[in-house]
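Reading through the structure tokens given below for one structure.
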Amino acid sequence: MKNRLLAIGLLLFAVTAHGQQNERPNIVFILADDLGWMDLGCYGNPFNETPNLDKLAQNGVRFTQAYSACPVCSPTRASIMTGKYPARLQLTNYIAGNRVDKSSPVIPPKWRAELDPAEVTLAELLKSKGYTTGMVGKWHLHSKEAGKLEIQGPWAQGFDYSRMINKNGLDYYNYSILKDSPQQTDYEDDGSVYLTDKLSDYGVEFIRQNAGKPFFLYLAYSAPHVMLVPRADKLAKYMRKFEQFKGIYNPNYGAMLESLDDGVGRIMQALGDQGLLENTLVIFTSDNGGLGMVELGPAPTINEPLRKWKGHVYEGGIRVPAFVSWEGKLPKGVVSDAFYSSIDYLPTLCELTGITSLPAGVDGKSQWSLFQQRDKAGDPQRPLFWHYPHFSNQMGRPAGAVRVGDFKLVESYESGRLELYNLADDLSEKHDLSARFPDKTGELHKLLSDWRKDLNAQMPVPNPDFNR
């Protein structure tokens, strides 16, 4: 009798636990750094070898028109954490970005080179729902002022487990990793352990340590950001393929992507080993478009057919690879042309986990029905906005943009020039339609101007040293 009651009790516990798991699925959010729209095999790249990422995309829903909220990294990362446009946060450039052009009639505005500690992050929201939260890799949301990291690092923004890149994040060797505070260094490399591999190690560790409870892992790789430093044992085959592809692709970049791909494979293997694949949503995307020019070495990639690259509000700077996968819960093998922005991840994950009260000022909209493909089109008439009042290191100029449906307007903040493109017919943004469609141009310009006013977006100011 006792054994029978024990068995019934265990069965009820298992059912209850299973129900709790379904209510609170694990979430793994993997963010690449400067990964271009066409850099993965699943997006048609014939040179780079990314079998694990291609498999992940095939096992879920892959988007062809996903966007970052900004053409550079820190603002997009802030948008993921808060669900807000960078313009609302006044965090509109990468931390420490300060380039000016003395020949321009404008200079950048004063902006907030940090994520305000008062902002409620995705990690804090999920933690309030009972999640264990982990952040691994590149944070890049804290001020460079002394003492600010204590209150602005991931440990102060809702993450229980933090392994943050501290020094030499661009080198891939000789870096250091902080553990849960600015004072504690968990690891300092002596040139022996490749950074991408080390970040994957931490991701696997977090999954294994927290397999028995709902968790959120934000795994922010530094790859394939410049400098282009690959593992030596990955490089030879890409060198051999270099001439076959007429020198179009960068072998170092290809080798770096393979290490990133290996890491994603290890994360998926860890989930499988712990029996978590059927209870884990995996999201993969990039923080901005790929880098298509010389910066700290040879140009990493090409974004064709998209125009420009990182640092520009044209498609090459803001259109990014993105796909979502969840074994048994999301459809497989779907390619979606619906578009959305990185501001949408927070409300999407809040809907998934039953968080109904969002912080004030959230701009994003839940895309959960789109991820599930219950809604296949998304909201094609919903406007998406970009505001970049800076001079980027990648030669981008101060500009803004808005997309509604197939039409996209680009405004120069230096000259006031307006450009209009139909992305359905002109993905490369080669044919300016503003003169042909003045009413549409005026309509979108008013929409963009009103949006900036509503958000109190900071605009460039006159350059006092400008000589006409």
**Message:** Criterion first (under 30 Å from Cys350 (Cβ atoms) and surrounded by fewer than 16 Cβ atoms within 10 Å (Cβ to Cβ)) does Gly275 satisfy it?
**Reply:** yes
**Asked** Counting residues that are at pLDDT 95 or above and under 23 Å from Ser128 (Cα atoms), which strands (runs of 3 or more DSSP E) fully inside segment 147-264 reach at least 1?
**Response** 161-165, 176-179, 215-220
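Taking segment 265-282, which residues are on the phi > 0 side of the Ramachandran plot and assigned to a strand (DSSP E or B)? Even if it seems obvious, please write down each step before you answer.
Going residue by residue through segment 265-282, those that are on the phi > 0 side of the Ramachandran plot are 275.
Within segment 265-282, no residue meets the criteria.
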**Ala255 surrounded by fewer than 24 Cβ atoms within 10 Å (Cβ to Cβ), within 24 Å of the chain's Cα centre (by Cα) and among the small types (Gly, Ala, Ser)** = no
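Specify the residue that is surrounded by the fewest Cβ atoms within 10 Å (Cβ to Cβ); the eligible residues are those in segment 314-344 that are over 30 Å from Asp432 (Cβ atoms) and among the basic types (Lys, Arg). Please lay out each step first, then the result.
Residues of segment 314-344 that are over 30 Å from Asp432 (Cβ atoms), as a first pass: 323-334.
Then keep just the ones that are among the basic types (Lys, Arg); that gives 329, 332.
Numbers: Lys329: 16, Lys332: 13.
Only one residue tops the list, namely Lys332.
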**Asked** What about Asp34, is it at pLDDT 95 or above, under 18 Å from Tyr388 (Cβ atoms) and either among the hydroxyl-bearing types (Ser, Thr, Tyr) or crowded, with 17+ Cβ neighbours inside 10 Å (or both)?
**Response** yes
**Asked** Across segment 372-411, what is the number of residues that are in contact with a Gly (Cβ under 9 Å, 6 or more places away or on another chain), part of a strand (DSSP E or B) and among the hydrophobic types (A, V, I, L, M, F, W, C)?
**Response** 4
**Asked** Got a number for residues in segment 112-146 being free of Cβ contacts under 8 Å to residues at least 40 places away in the same chain and part of a loop (DSSP other than H, G, I, E, B)?
**Response** 7
**Item:** Cβ-Cβ under 9 Å pairs, at least 6 apart or on other chains, segment 340-358 side touching a residue at least 24 places away in the same chain (Cβ under 8 Å) and closer than 18 Å to Gly158 by Cα, far side of a type in the set (Phe, Trp, Tyr) and part of a loop (DSSP other than H, G, I, E, B)
**Value:** Thr353/Tyr131
**Fill in**
Counting only residues in segment 49-64 that are touching an Asp or Glu at 6+ places or on another chain (Cβ under 6 Å) and farther than 19 Å from Phe29 by Cβ, the one surrounded by the most Cβ atoms within 10 Å (Cβ to Cβ) is identified as Glu49
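State yes or no: is Asp465 among the acidic types (Asp, Glu), part of a loop (DSSP other than H, G, I, E, B), in contact (Cβ under 8 Å) with a residue 40 or more places away in the chain and out of contact with any helix residue (DSSP H, G or I) (no Cβ under 6 Å at 6 or more places or on another chain)? Show your work before the answer.
Details: among the acidic types (Asp, Glu): yes; part of a loop (DSSP other than H, G, I, E, B): yes; in contact (Cβ under 8 Å) with a residue 40 or more places away in the chain: yes; out of contact with any helix residue (DSSP H, G or I) (no Cβ under 6 Å at 6 or more places or on another chain): yes.
In short, yes.
The rows are residues; the columns are (1) under 17 Å from the mean Cα position of the chain (by Cα); (2) buried (at least 22 other Cβ atoms within 10 Å of the Cβ).
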| site | (1), (2) |
| --- | --- |
| Ala123 | yes, no |
| Thr133 | no, yes |
| Ser143 | no, no |
| Gly153 | no, yes |
| Asp160 | no, no |
**Fill in**
In the set Lys102, Lys84, the lone residue that is assigned to a loop (DSSP other than H, G, I, E, B), touching an Asp or Glu at 6+ places or on another chain (Cβ under 9 Å) and modelled with pLDDT under 95 is Lys102
**Prompt:** Do we find that Ala255 is free of Cβ contacts under 8 Å to residues at least 60 places away in the same chain and either in contact with a helix residue (DSSP H, G or I) (Cβ under 9 Å, 6 or more places away or on another chain) or of a type outside the set (Asp, Glu) (or both) in this structure?
**Reply:** yes
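The values are calculated or read from the model by the stated rules, or taken from the named source; none is laboratory data. All values reported here derive from a predicted model rather than from experimental measurement. Every residue, glycine as well, gets a Cβ built from its backbone with ideal geometry; the counts of neighbours run over all protein chains shown.
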